[in-house]
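Below is one structure; the comments refer to it alone.
Rule-based calculations on the coordinates, nothing more; no lab input. This is a predicted model, so every value here is computed, not measured. Neighbour counts are summed over all protein chains in view; Cβ atoms, including those assigned to glycine, are modelled from backbone coordinates with ideal geometry.
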Amino acid sequence: MEVLTGAYEYVLANGDRFWEAVRVHLSISLYAFSIAVVLCVPLGIVCAKKQWLSGPIMGLFNSLRVIPSLAVLVIILPLMGTGFAPALVALTLLACPPILINTYMGFRGIEPSIIEAASGMGMSGGTIMRRIELPLSLPLVLSGMKTAAVEVIASATLAAFIGGGGLGTFIINGLGMYNFSLLLVGALPVAMLAILSEVGFAGIERAATKYQR
């Protein structure tokens, strides 16, 4: 209880510093997530439709999934130095695999007979994409986005190791000084943000599935 009280008192006494860290954490997470969505949803669709392309691309991004978050940051460090930009690149790389893989699986999982029937009815490729393929694949795509969002929010704490700032700064300083109240100042908001992201995307998934029915 004393640890929680100490964390609360720290936030009250250092509100400006705390809210600036929250802003940086949310900014780097949102930017990384948005870039990954813009890059990987179209790429996943292309891979689903061009099988000759899917092998090398899916293999590359699958390999990224087994690399620990901190290892990605360490690899980026000698290439780009420290600061917000290298942390953003590293987090974007971490966010890409679940979005790309789920988009690919969502579009590949559509029965060819459905596409053939729509084409036989005279629908154009764009209409089939908009009215059939996207709605059918949307739940799986959203599931990948949910996974990516939670991973990015949690991994953004490691950005502090390379000068990216954010809530991870409190965690690192708290561990270094054996100050568990300071550690909780960073850890509790990150946990809350990850839970909110999980719940929010789960709600969107349910709404998308219900709409399909």
request  = Could you bin all the Cα-Cα distances of region 111-213 into 10 Å bins starting at 0 and give me the percent of pairs in each, rounded to whole numbers?
outcome  = 14, 29, 21, 16, 12, 7, 2
inquiry  = Given 4 °C and 1.567 mPa s, compute D for region 37-153 with the Stokes-Einstein relation, Rh being the Kirkwood radius over Cα pairs; round to the nearest whole µm²/s.
reply    = 84
remark   = Simple SL model, points at 7 angstrom along Cα→Cβ for F180 and M192; separation in nm is 2.0
task = Quickly rank 92-102, 25-35 as a protection proxy: mean count of other C-beta atoms within 10 Å, highest first.
result = 92-102, 25-35
query = Using Cα-only point scatterers and the Debye equation, what is log10 of I(q)/I(0) for region 115-170 at each q in 0.18, 0.24 Å⁻¹, rounded to two decimals?
reply = -0.67, -0.87
key: Lys, Arg +1 and Asp, Glu -1 on Cβ, resulting dipole of the chain about Cα centre, debye, nearest 20   = 680
inquiry  = Could you tell me the center-to-center distance, by alpha carbons, between region 139-213 and region 39-102 in angstrom?
reply    = 18
query = Of the peptides 105-113, 43-51, how do they stack up when ordered by the mean number of other Cβ atoms within 10 Å, highest first?
reply = 43-51, 105-113
ask   = So for the chain, taking the charge dipole from beta-carbon charges (+1 Lys/Arg, -1 Asp/Glu), which of F201, V74, P112 sits furthest toward the positive end?
value = P112
ask   = Looking at the P(r) of the chain, how many percent of alpha-carbon pairs lie beyond 31 Å?
value = 32
ask   = Which value in nm describes the separation of the simple spin-label points at K50 and I172, placed 7 Å from the Cα toward the beta carbon?
value = 3.9
ask   = For all pairs of alpha-carbon atoms in region 20-72, what percent lies in each bin of width 5 Å, listed from the first bin to the last filled one?
value = 4, 17, 16, 22, 18, 12, 7, 3, 2, 0
key: Share of Cα-Cα pairs in region 3-91 lying beyond 19 Å, as whole percent   = 60
